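Structure first, commentary second.
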Amino acid sequence: MISIQQLENHAVSIRRKIIETAHYKKQGHVGGSLSAVDILTVLYFDQLNLNGNEMRDRFVLSKGHVALGLYCTLAERGLIEMEELKTFDSFDSRLQAHPDMTRLESLDMSTGSLGQGLSTAVGMAMGAKYLSQSFHVFVLLGDGESQEGQVWEAASIAARYKLNNLTVIVDCNGLQQFGWYEGNQVFPPDQHLPEKFKSFGFLVQEVDGHSIASLQKVLEQSKQNRTNQPIAIIAKTVKGKGVSFMENNYLWHSKAPNDEELDQALLQLEVGGECR
Amino acid sequence: MKGESLRNTFGQVLSQLVQQDSRVVALDGDLGNSTKLDHVLMVKESAFFQMGIAEQNMVGVAVGLAHVGVKPWVCSFATFLTKRAFDQIVVSVAQTNANVKLIGSYSGLLTSNTGKSHHSLEDLTMFSTIPNMSVIAPADAQELASAMKIMYETDGPMYLRVSRDETIPPFLGGEPFQLGKGRVLADGGPILVVSTGTMTYQVKLALEQLQTNMVTHLHMPSIKPFDTKLLLEHAALCTQVVTVEEHYIRGGLGGIVAEILSEQNPKYVTRIGVKDAFSGCGTDAELLEANGLSANCIAETIKKLLAK
């Protein structure tokens with residue numbers, strides 16, 4: 001079994017790749033990618049069963065703009081070459097700005113228009129039950145994305161069809177691209193997600209989305225769900241996590257670091273360092 | 001000849017498919033007793049998924065089902081399926097090339113006196129613009145059944161237009177539907193009439209009324225892929241082209257025919273279709289008459305062209 005220390009090291013390494021790739025391509029949704037890294041790390045290095053074609057677990061990145069974070073995780077996991085990250089967001093690349101499953105077979109779903117991922121994950125979980133297959137379906141949503149009405153249409157069906165083989169993870173970094181503000185005060189996209197998912201019939205767990213140990217525990221538990229309710233994990237995260245000047249700053253939603261910012265960021269992201 | 005309900009046939013054929021293939025399932029948006037998707041519920045409850053009044057999610061769920069190996073058929077009123085869930089159909093269905101069959105029932109104008117909120121008059125245009133998507137508009141119940149067989153056998157996203165018109169008899173004959181192929185129903189000239197869906201029957205009645213051998217009539221049940229070759233072959237022998245469809249006059253069949261001809265063999269094209277205005281409630285006869293789509297109106301239009 002992989003140790004917490006190893007997972008933490010992978011997470012730092014993925015963060016470095018995100019910063020480096022965004023700097024190299026002068027593109028990428030850095031803020032949300034960094035907030036989701038620990039969740040993606042625990043999924044891809046510990047929880048997702050990637051073996052067996054039909055029987056593998058499925059993962060849907062509903063917040064598709066965070067593709068960069070996902071590709072860096074796939075590269076760290078050895079599912080794509082590190083070198084290929086340099087093609088991110090290029091014309092012929094398998095690594096499209098938003099995930100395209102028809103180009104990259106490691107992906108279980110294409111996304112990009114917000115609010116659609118949970119529906120497709122619900123379909124996969126319903127399909128697993130219908131075909132009597134035991135794979136588990138994970139989907140990562142954004143808290144901003146949860147403003148889309150379709151998310152709640154999907155949540156309603158997940159509960160009605162008792163999808164205990166579905167785990168919804170919400171990356172609650174409290175910021176969206178431009179969002180809600182008054183004066184210079186910025187307000188979170190939605191502070192009531194735990195109550196909302198509960199009222200839609202989900203079992204709800206709240207967790208520190210940067211605590212590898214907590215994520216590991218809660219995701220593992222969700223895979224063992226023997227109730228007749230789907231699970232929503234509300235993961236409290238920090239947008240831009242790991243780089244001090246990006247943290248909690250909505251301006252880093254989609255912005256690439258310049259040379260100087262790259263150096264500063266990488267200095268903070270040393271394996272075994274104090275970035276956590 | 002007696003009319004045969006296309007929606008009943010749809011329900012019956014799909015209920016056969018769910019019985020013969022355990023991977024075929026039906027998704028309903030709370031209209032199963034209107035669209036006749038309820039036939040599936042009656043023969044195999046486990047293959048019938050009620051998705052509620054939430055078309056966007058219904059389409060997304062179908063995509064998830066398809067990508068884990070289930071074969072979903074999604075059915076709602078055409079207007080809600082197409083316009084409410086268009087982004088989902090483009091991004092989740094078509095871009096992933098999902099094996100999802102989309103069924104737009106109560107298509108066009110003839111929606112049982114429900115009025116403009118229920119008319120679906122943009123679907124041919126909208127679906128024709130989507131890569132990977134096939135678009136089918138059958139003329140009678142037999143052709144619908146034959147098209148559903150092809151849809152079942154062909155992997156990939158497809159849209160089927162199902163008319164509520166209950167007056168259409170099986171008139172095409174037993175020739176099976178072929179994706180991308182049109183049919184020659186009358187071969188004369190110099191007027192070429194091109195029609196799709198159940199309007200093909202109105203054209204047939206119009207030609208019977210006119211008793212002319214001066215008209216060539218093509219039926220195009222496959223809107224995408226479109227039988228460009230057949231159109232060009234016959235257009236080359238004609239001087240005038242008329243298109244007939246239960247769809248807005250912009251886009252749709254008329255738009256496709258005009259586009260093809262303008263590039264490859266310019267002709268004067270008269271498009272018969274629903275005017276650029278909202279229609280109210282009405283009986284089928286009133287709605288067809290008001291939009292020049294009844295057999296009488298079509299005959300009048302052709303008569304004028306013949307007299308030129």
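Got a sec? Which of A:169, A:157 is closer than 21 Å to residue B:98 by Cβ, crowded, with 24+ Cβ neighbours inside 10 Å and not polar (S, T, N, Q)?
On the way: A:169 fails: closer than 21 Å to residue B:98 by Cβ.
None of the others qualify; the one that does is A:157.
For segment B:1-29, give me each residue that is open to solvent by 70 Å² or more (accessible area, probe 1.4 Å) and in a helix (DSSP H, G or I). Full working, then the answer.
Keep residues of segment B:1-29 that are open to solvent by 70 Å² or more (accessible area, probe 1.4 Å), which gives B:1-2, B:4, B:12, B:16, B:19-20, B:22-23.
Passing the criteria: B:12, B:16, B:19, B:20.
Since residue B:123 meets every condition but one in (1) within 14 Å of chain A (Cβ to nearest Cβ); (2) surrounded by 24 or more Cβ atoms within 10 Å (Cβ to Cβ), which condition does it not meet?
Residue B:123 satisfies every listed condition except (1).
Exactly one of these conditions fails for residue B:90: (1) surrounded by fewer than 22 Cβ atoms within 10 Å (Cβ to Cβ); (2) more than 14 Å from chain A (Cβ to nearest Cβ). Give me its number.
(2)
Considering segment A:239-267 alone, what residues qualify as being under 17 Å from residue A:13 (Cβ atoms) and touching a Lys or Arg at 6+ places or on another chain (Cβ under 9 Å)?
Within segment A:239-267, A:241, A:242, A:243, A:265, A:266 meet the criteria.
Tell me whether segment A:96-113 contains one or more residues that are within 13 Å of chain B (Cβ to nearest Cβ), of a type in the set (Asp, Glu), in contact (Cβ under 8 Å) with a residue 24 or more places away in the chain and in contact with a helix residue (DSSP H, G or I) (Cβ under 9 Å, 6 or more places away or on another chain).
Step one: filter segment A:96-113 for residues within 13 Å of chain B (Cβ to nearest Cβ), giving A:96, A:98-105, A:107-113.
Keeping just the survivors that are of a type in the set (Asp, Glu) gives A:100, A:105, A:108.
If we keep only those that are in contact (Cβ under 8 Å) with a residue 24 or more places away in the chain as well, we get A:108.
From what is left, the residues that are in contact with a helix residue (DSSP H, G or I) (Cβ under 9 Å, 6 or more places away or on another chain) are A:108.
Looking through segment A:96-113, at least one residue is within 13 Å of chain B (Cβ to nearest Cβ), of a type in the set (Asp, Glu), in contact (Cβ under 8 Å) with a residue 24 or more places away in the chain and in contact with a helix residue (DSSP H, G or I) (Cβ under 9 Å, 6 or more places away or on another chain).
Can you name every residue in segment A:212-239 that is more than 17 Å from residue A:202 (Cα to Cα) and within 13 Å of the chain's Cα centre (by Cα)?
If the condition is that a residue be more than 17 Å from residue A:202 (Cα to Cα) and within 13 Å of the chain's Cα centre (by Cα), then A:215, A:236, A:237, A:238, A:239 are the ones that fit.
Can you name the residue in segment A:137-149 that is surrounded by fewer than 24 Cβ atoms within 10 Å (Cβ to Cβ) and within 13 Å of another protein chain (Cβ to nearest Cβ) and, of all such residues, is nearest to residue A:173 (Cα to Cα)?
A:148
So which residues in segment A:190-220 are buried (at least 17 other Cβ atoms within 10 Å of the Cβ) and over 26 Å from residue A:149 (Cα atoms), if there are any at all?
A:210, A:211, A:212, A:214, A:215, A:216, A:218
Check B:44, B:83, B:71 and return the single one that is more than 19 Å from residue B:17 (Cβ to Cβ) and either more than 8 Å from chain A (Cβ to nearest Cβ) or open to solvent by 10 Å² or more (accessible area, probe 1.4 Å) (or both). Spell out how you get there, then give the answer.
On the way: B:44 fails: more than 19 Å from residue B:17 (Cβ to Cβ); B:71 fails: more than 19 Å from residue B:17 (Cβ to Cβ).
Residue meeting the stated conditions: B:83.
Given the conditions (1) open to solvent by 30 Å² or more (accessible area, probe 1.4 Å); (2) at the interface with another protein chain (Cβ under 8 Å from one of its Cβ atoms); (3) assigned to a helix (DSSP H, G or I), which single one is not true for residue A:152?
Of the numbered conditions (1) open to solvent by 30 Å² or more (accessible area, probe 1.4 Å); (2) at the interface with another protein chain (Cβ under 8 Å from one of its Cβ atoms); (3) assigned to a helix (DSSP H, G or I), the odd one out for residue A:152 is (2).
Among the listed residues A:162, A:86, which satisfies the condition of being farther than 28 Å from residue B:24 by Cα and more than 10 Å from chain B (Cβ to nearest Cβ)?
Values: A:162 fails: farther than 28 Å from residue B:24 by Cα.
Of the residues listed, the single one that is farther than 28 Å from residue B:24 by Cα and more than 10 Å from chain B (Cβ to nearest Cβ) is A:86.
Filter segment A:84-135 for residues that are of a type in the set (S, T, N, Q) and buried (at least 24 other Cβ atoms within 10 Å of the Cβ); which is nearest to the chain's Cα centre (by Cα)?
A:111
This table checks each residue for (1) open to solvent by less than 20 Å² (accessible area, probe 1.4 Å); (2) β-branched (Val, Ile, Thr); (3) over 23 Å from residue A:120 (Cβ atoms).
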site	(1), (2), (3)
A:22	yes, no, yes
A:28	yes, no, yes
A:34	yes, no, yes
A:38	yes, no, yes
A:55	no, no, no
A:71	yes, no, no
A:80	yes, yes, no
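Inside segment A:241-255, can you point out the residues that are in a loop (DSSP other than H, G, I, E, B) and either touching a residue at least 40 places away in the same chain (Cβ under 8 Å) or under 10 Å from residue A:35 (Cβ atoms) (or both)? Explain how you work it out, then say what you get.
Of segment A:241-255, the ones in a loop (DSSP other than H, G, I, E, B) are A:241-249, A:253-255.
Hits for segment A:241-255 are A:241, A:242, A:243, A:246, A:247, A:248, A:249, A:253, A:254, A:255.
In segment B:57-68, what residues are within 12 Å of residue B:27 (Cα to Cα) and facing chain A (nearest Cβ under 7 Å)?
Across segment B:57-68, the qualifying residues are B:57, B:60, B:61, B:62, B:63, B:65.
For residue B:7, all conditions in the list (1) of a type in the set (Lys, Arg); (2) in contact with a strand residue (DSSP E or B) (Cβ under 7 Å, 6 or more places away or on another chain); (3) within 14 Å of chain A (Cβ to nearest Cβ) hold save one; what is the number of the exception?
With respect to (1) of a type in the set (Lys, Arg); (2) in contact with a strand residue (DSSP E or B) (Cβ under 7 Å, 6 or more places away or on another chain); (3) within 14 Å of chain A (Cβ to nearest Cβ), residue B:7 is out only on (3).
Select from segment B:30-41 the residues that are open to solvent by 10 Å² or more (accessible area, probe 1.4 Å) and part of a helix (DSSP H, G or I) and list them in ascending order. Can you show your working first?
Step one: list which residues in segment B:30-41 are open to solvent by 10 Å² or more (accessible area, probe 1.4 Å), which gives B:30-31, B:33-34, B:36, B:38-39, B:41.
B:33, B:34, B:38, B:39, B:41, listed by residue number.
List the number of the failed condition for residue B:288; all other conditions in (1) outside any helix (DSSP H, G or I); (2) crowded, with 19+ Cβ neighbours inside 10 Å hold.
(1)
The values are calculated or read from the model by the stated rules, or taken from the named source; none is laboratory data. Because the structure is predicted, anything quoted here is derived from the model rather than measured. Note: ideal-geometry Cβ built from the backbone for every residue, glycine included; neighbour counts use all protein chains shown. Only protein heavy atoms, including side chains, enter the accessible area calculation; ligands, DNA and RNA are left aside. Shrake-Rupley method; radii C 1.70, N 1.55, O 1.52, S 1.80 Å.
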